[in-house]
Amino acid sequence: NAGVTQTPKFQVLKTGQSMTLQCAQDMNHEYMSWYRQDPGMGLRLIHYSVGAGITDQGEVPNGYNVSRSTTEDFPLRLLSAAPSQTSVYFCASSYGAGGSYEQYFGPGTRLTVT
Amino acid sequence: AQTVTQSQPEMSVQEAETVTLSCTYDTSESDYYLFWYKQPPSRQMILVIRQEAYKQQNATENRFSVNFQKAAKSFSLKISDSQLGDAAMYFCAYRSAIKGGSEKLVFGKGMKLTVNP
């Protein structure tokens, strides 16, 4: 199993540009999440999904969109990049109710917005 | 809303010695999970240990053990026989056990552990 994969690993954007961060998992997990990590802030939840076709907002959703058309994929879209979105982004997945509740993380994407 | 607090931003320990990382949390729920994650310079988030709130016995994983005090809402991590490879950021995290809430991990701000040779 590849686990949770994220692409790209690094990205530089100009203010106002849009892009999609890709996330895929091959563990048939129901739940997938996106976090951002900023210095001194820990990881904060952006959006999450409890299954294909179902998404919801986390703690810091503004400026980001998500969709979940398949169990495996959970892309994160930046609509109009801003310098405040410079961060490291992590995708994570986990089993649903009755499972182990451990979250498995991808390797992260470092995004810089200039 | 649940919160997780790691009050010590940095700690250091000598190789082969023992160090304890502290974590407190706030919740009104009775059933939940607590985790310690390690993030080395590679940036990969690695699960170190977890504790189910309904279990009174403290979790252990090799050199890592926790002191879970449910009434005090405290969840500290003890690393025994510290190794150079233990140097990393450590994050304490809370996750609800309520169905539909299990996807939300609430993290503390992290603590940087340095291991001195």
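Every number in this text was worked out from the coordinates using simple rules, so none of it is lab data. Because the structure is predicted, anything quoted here is derived from the model rather than measured. We place every Cβ from the backbone using ideal geometry, glycine too, and count neighbours over all the protein chains shown.
General observations
- Using the Cβ-Cβ distance between A:R77 and B:I98 with R0 = 30 Å, the FRET efficiency computed as 1/(1 + (r/R0)^6) comes to roughly 0.55.
- 5 Å binning of all Cα-Cα separations within chain B, expressed as whole percents from 0 upward: 2, 12, 23, 25, 19, 10, 5, 2, 0, 0
- For residues of A:45-57, the mean tally of beta carbons on other chains within 10 Å: 1
- Spin-label proximity, B:S80 to segment B:1-32 - amide N less than 11 Å from point 7 Å beyond Cα toward beta carbon: B:18
- FRET efficiency for the pair B:K73 and B:K112, taken as 1/(1 + (r/R0)^6) with r the Cβ-Cβ distance and R0 = 30 Å, rounds to 0.80.
- Exceeding the 24 Å Cα-Cα cut-off - candidates B:K38/B:K73; A:K14/B:K104; A:K9/B:K78; A:K14/B:K112: A:K14/B:K104; A:K9/B:K78; A:K14/B:K112
- From the largest down, segment B:1-59 spans 37, 25, 22 angstrom on the principal axes of its Cα atoms.
- For chain A, the convex hull drawn through the C-alpha positions has a volume of 93 cubic angstrom per residue.
- The relative contact order of chain B comes to 36 percent, based on Cα pairs under 8 Å that sit 6 or more residues apart.
- Per-residue mean of C-beta atoms belonging to partner chains within 10 Å, peptide A:102-110: 4
- Segments B:47-57, B:28-38 sorted - mean Cβ within 10 Å per residue, highest first: B:28-38, B:47-57
- Across the alpha-carbon set of the protein assembly as shown, the Rg to Rh ratio works out to 0.97, Rh being the Kirkwood radius.
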